[in-house]
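Everything on this sheet refers to the single structure shown next.
The values are calculated or read from the model by the stated rules, or taken from the named source; none is laboratory data. The structure displayed is predicted, hence computed values, not measured ones. As a convention, Cβ positions derive from the backbone with ideal geometry for all residues, glycine included, and neighbour counts pool all protein chains shown.
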Amino acid sequence: MKANPPSTRADLNVDLYRTLYLIRSAEAGIRKYYHEDGMKTPMHMSMGEEAIVAGVCKALGSDSQVYGSYRSHALYLTKTGDTDGFFAEMYGKITGPARGKAGSMHMSSPVQGLMCCAAVVASTIPLAVGTAFANKARSTGRLTAVFFGDGAMDAGVFWESLNSACVMRLPVAFVCEDNDLAVHTPRRQRQGYASAASVASQFDCAVFESDSTDVEEIHRVATQAANEMRNSGRPAFLRLKWYRYLEHVGINEDFDAGYRSKDEYLQWLKVDPIALQREKLLREAWIEAGKLAEFERGVDQQVERSIQSAKAAPYSQKSELFEGLFG
């Protein structure tokens, strides 16, 4: 069932903070326990990008269908709010949404609109185009989005998919989560053009971009994109900026690797999306400090309960490897 939208700006901002804090708290839980080696899956963490996923998904509506990359945590938690299933999958347990077989990089919940995430760069982009085509053919009115890093724009399938969506006028949003890196390689060493948005604007699509880490601003931009897709039927391209706090894959900082500096991170930390939104809620008196702290404690406790439940849950039997296969 489609959720009722927030009725006021205050409601919207409180709702967005709930999502931001849930993502951050869940990933803090991963960092707390990952050293125990119970979570065997590689981790591509979302810290720093939470506002993009929260803002865009909220703007597209709860009935939207989205695809992601290997950096799937924020998408799963935003679309489902399900920490029990999330951590069960991290621990490879049968109580996970994929019965422990997906791990961090292949999270999905199609019923709730997260169609799939995948480890191969750019591989879900054409799938999103196919879903948008199906929605148009069936006149469902549903919007589709695919989230990918700027490194995925180096793959030919991105340009083929964008072109096809424009030719067929499909309601799909191509959401580029731009952190200027493909693993460790900056854009200037990979791309022979200065602006992704300017190149995308040569196609028959609506183009939006923002360097803001303010989730409300991202929601505003994404709402414009959603309205454009609904009104014109054209696809949209969104370039949204963020900074990856941790290493490409793993739970640690990597500023000693030589490809970026700790000073750069500290500058971005001044506009951390969770801190910005928390400060806004208190400054605008949209929630009392005590109630906000109570909510945060409740989320932290929920995350801890989910982790302990996942630890205690059973693993799948070996026969589970043969379930859910298409031959």
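Pairing each residue of the stretch 279-297 that is polar (S, T, N, Q) with any residue that is part of a loop (DSSP other than H, G, I, E, B), provided the two are 6+ apart or on different chains, yields no C-beta distance under 8 Å.
Within the stretch 49-63, the presence of at least one residue that is in a helix (DSSP H, G or I), out of contact with any strand residue (DSSP E or B) (no Cβ under 9 Å at 6 or more places or on another chain) and basic (Lys, Arg) is confirmed. Among the residues of the stretch 235-283, the ones that are hydroxyl-bearing (Ser, Thr, Tyr) and either modelled with pLDDT under 95 or exposed (fewer than 15 other Cβ atoms within 10 Å of the Cβ) (or both) come to 2 in all.
Which residue is surrounded by the most Cβ atoms within 10 Å (Cβ to Cβ), if the candidates are limited to the stretch 192-225 and must be out of contact with any helix residue (DSSP H, G or I) (no Cβ under 7 Å at 6 or more places or on another chain) and assigned to a loop (DSSP other than H, G, I, E, B)? Selected residue: Ser201. Do we find that Ala165 is in contact (Cβ under 8 Å) with a residue 24 or more places away in the chain, within 20 Å of Ile52 (Cα to Cα) and touching a helix residue (DSSP H, G or I) at 6+ places or on another chain (Cβ under 9 Å) in this structure? Considered against the rule, which asks whether it is in contact (Cβ under 8 Å) with a residue 24 or more places away in the chain, within 20 Å of Ile52 (Cα to Cα) and touching a helix residue (DSSP H, G or I) at 6+ places or on another chain (Cβ under 9 Å), Ala165 comes out as no.
Across the stretch 239-288, which residue is farthest from Ser104 (Cα to Cα) among those that are in contact with a helix residue (DSSP H, G or I) (Cβ under 9 Å, 6 or more places away or on another chain), assigned to a helix (DSSP H, G or I) and of a type in the set (Lys, Arg)? Checking each candidate, the answer is Lys280.
Filtering the stretch 282-327 to residues that are within 23 Å of the chain's Cα centre (by Cα) and not polar (S, T, N, Q) leaves Phe295, Glu296, Gly298, Val299, Asp300, Val303, Glu304, Ile307, Ala310.
Evaluate the following for Asp63: is it in contact with a Lys or Arg (Cβ under 9 Å, 6 or more places away or on another chain), surrounded by fewer than 23 Cβ atoms within 10 Å (Cβ to Cβ) and over 30 Å from Leu321 (Cα atoms)?
For Asp63, the condition - in contact with a Lys or Arg (Cβ under 9 Å, 6 or more places away or on another chain), surrounded by fewer than 23 Cβ atoms within 10 Å (Cβ to Cβ) and over 30 Å from Leu321 (Cα atoms) - is met.
Remark: pairs (first residue in the stretch 81-98, more than 24 Å from Val53 (Cα to Cα); second residue of a type in the set (A, V, I, L, M, F, W, C) and surrounded by fewer than 23 Cβ atoms within 10 Å (Cβ to Cβ); Cβ separation under 7 Å; 6+ apart in sequence or on different chains) = Lys93/Ala313; Ile94/Ala313; Thr95/Ala313. Going by what's in this entry, would Ala310 be described as under 26 Å from Met90 (Cβ atoms), assigned to a helix (DSSP H, G or I) and without any contact (Cβ under 8 Å) to a residue 40 or more places away in the chain? So Ala310 fails the test. Pairs linking a residue in the stretch 184-200 that is of a type in the set (A, V, I, L, M) to a residue that is assigned to a loop (DSSP other than H, G, I, E, B) and loosely packed, with under 11 Cβ neighbours inside 10 Å, with Cβ atoms under 6 Å and 6 or more positions apart or on different chains, are Val199/Tyr193.
If we scan the stretch 136-155, do we find a residue that is of a type outside the set (Gly, Ala, Ser), assigned to a loop (DSSP other than H, G, I, E, B), over 14 Å from Ala236 (Cβ atoms) and free of Cβ contacts under 8 Å to residues at least 60 places away in the same chain? Before you say what the answer is, go through the steps one by one.
Step one: of the stretch 136-155, the residues of a type outside the set (Gly, Ala, Ser) are 136, 138, 140, 142-144, 146-148, 150, 153-154.
Within this subset, residues satisfying the condition of being assigned to a loop (DSSP other than H, G, I, E, B) are 140, 142-143.
Still in the list and also over 14 Å from Ala236 (Cβ atoms): 140, 142.
Narrowing the set further to residues that are free of Cβ contacts under 8 Å to residues at least 60 places away in the same chain leaves 140.
The answer is yes, given that some residue of the stretch 136-155 is of a type outside the set (Gly, Ala, Ser), assigned to a loop (DSSP other than H, G, I, E, B), over 14 Å from Ala236 (Cβ atoms) and free of Cβ contacts under 8 Å to residues at least 60 places away in the same chain.
Is it fair to say Gly130 is outside any loop (DSSP other than H, G, I, E, B), without any contact (Cβ under 8 Å) to a residue 24 or more places away in the chain and within 15 Å of Gly68 (Cα to Cα)? For Gly130, the condition - outside any loop (DSSP other than H, G, I, E, B), without any contact (Cβ under 8 Å) to a residue 24 or more places away in the chain and within 15 Å of Gly68 (Cα to Cα) - is met.
The test for being in contact with a strand residue (DSSP E or B) (Cβ under 8 Å, 6 or more places away or on another chain), in a strand (DSSP E or B), among the hydrophobic types (A, V, I, L, M, F, W, C) and under 11 Å from Phe237 (Cβ atoms) holds for Ala173.
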